[in-house]
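Everything below concerns the one structure shown next.
The values are calculated or read from the model by the stated rules, or taken from the named source; none is laboratory data. None of the values given here were measured: they were computed from a predicted structure. Note that each Cβ is placed from the backbone with ideal geometry, even for glycine, and that neighbours are counted across all protein chains shown. Just the protein is used for accessible areas: all its heavy atoms, side chains included, with ligands, DNA and RNA removed. Shrake-Rupley method; radii C 1.70, N 1.55, O 1.52, S 1.80 Å.
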Amino acid sequence: MRLVFAGTPAVAVPSLTALAAAHDVAAVITRVDAPLGRKRVLTPSPVAVAAEELGLPVIKANRLDDEVTAAVAGLEADLGVIVAYGGLVREPLLSTPRLGWINLHFSLLPRWRGAAPVQWSIIEGDTESGATVFQLVPGLDAGAVWSTTRTPIGGNETAGNLLGRLAESGAAQLVQTVAGIGDGSLTATDQVGTVETGEVTLAPKLSLEDAHLDFSAPLDEVYRRLRGVTPEPGAFAEFDGVRVKVLDAAPARDERRPDPGEVVASGRRVIVGTATDPLELLHVHPAGKKPMPAADWWRGSGVERMTAR
């Protein structure tokens, strides 16, 4: 099949690589180079870099406008494939490829429609995740489903870990799905359910406040949130008024229970109280400093206890 591919971040690269090995990718659409790092150096997206390494034509655009639509029309593609591009596909582009567009989405649709499905599935305590390939329609992640794969969520797995796994398995799923659409062996199934009845849940983009750890909550809730926002936007709290990112932590059910938000040392361990069992801080990134082991940060603070909010 002749394809046009749209994607931007590293999580989309395995899909592009797998599709390019199995099908004819006529062009790759990705977002324009973005300023990164402290020096704000203009840097191509991971998908742009991969496409150039594969020798594929690249269309850089932050909006899929009339110019992009005209370029895609000239490709005479059979199918459009989108994986985490970061923008909406609207008409007339939606109908420009002969068979329309399909989307690889990292959730078990209709659960977790939206921009951050992996993150919210962990935050909300799901025990299972997966990937869905569906037909793109104007409604948010609402099109008919071509294929679904499932995987357990590990009890200590972060959003970054899970997304990395799903990117690899989803790439293989996507190749098989494209082949099945091409030869007619697959049939899409309509999604069912509503938000009111709970079958449909929404996964909006995470805000900075979503990454704030509330130690007045039970340990399981705090730990799920930490895992769900790691590595981005990154869990944080204010420790005696200083913002500190919590890069890594673990349940400390064997420790005594400080009050919620109370931070104390237990031997070489740094412990924070929650509404139930405490959390051990393992690696932190204090504002204005480099990331470091929590024990080093604690020794450098020179205090016997502090309060996290």
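Taking every protein chain into account, the 1.4 Å probe leaves LYS60 with about 80 Å² of accessible area, to the nearest ten. Note that region 122-223 shows a convex hull volume over its alpha carbon atoms of 131 Å³ per residue. Carbon-plus-sulfur accessible fraction, region 202-244 (probe radius 1.4 Å, protein heavy atoms only): 52%. Taking every DSSP bridge with both residues inside the chain, close to 65 percent are antiparallel.
Accessible surface computed residue by residue for the chain, with neighbouring protein chains in place and a 1.4 Å probe, gives 48 Å² per residue.
Label-to-label distance for GLU196 and THR17 is 4.7 nm, based on points extended 7 Å past Cα in the beta-carbon direction.
Among [x] 22.1, 68; [y] 17.4, 50; [z] 18.6, 57, find the value of Rg and Dmax of the Cα atoms in Å that was calculated from the structure presented, and write down its label. Label [x] holds the value from this structure.
Classified by the C-alpha gyration tensor, region 52-168 has a prolate form. Its axis ratio a/c, with a ≥ b ≥ c, is 1.5 or above, and a/b is larger than b/c.
Each Cα pair under 8 Å and six or more residues apart adds its sequence gap; the mean of these over the residue count of region 107-210 is a relative contact order of 38 percent. Summing charges over all other residues whose Cβ lies under 13 Å from the Cβ of LEU56, with Lys and Arg as +1 and Asp and Glu as -1, gives -1. Residues HIS283, HIS23, sorted by accessible area with the largest first, give HIS283, HIS23 [1.4 Å probe; ligands and nucleic acids excluded]. Considering only TRP298, TRP112, TRP101, the Gaussian network model of the chain with Cα springs below 10 Å gives its largest mean-square fluctuation to TRP298.
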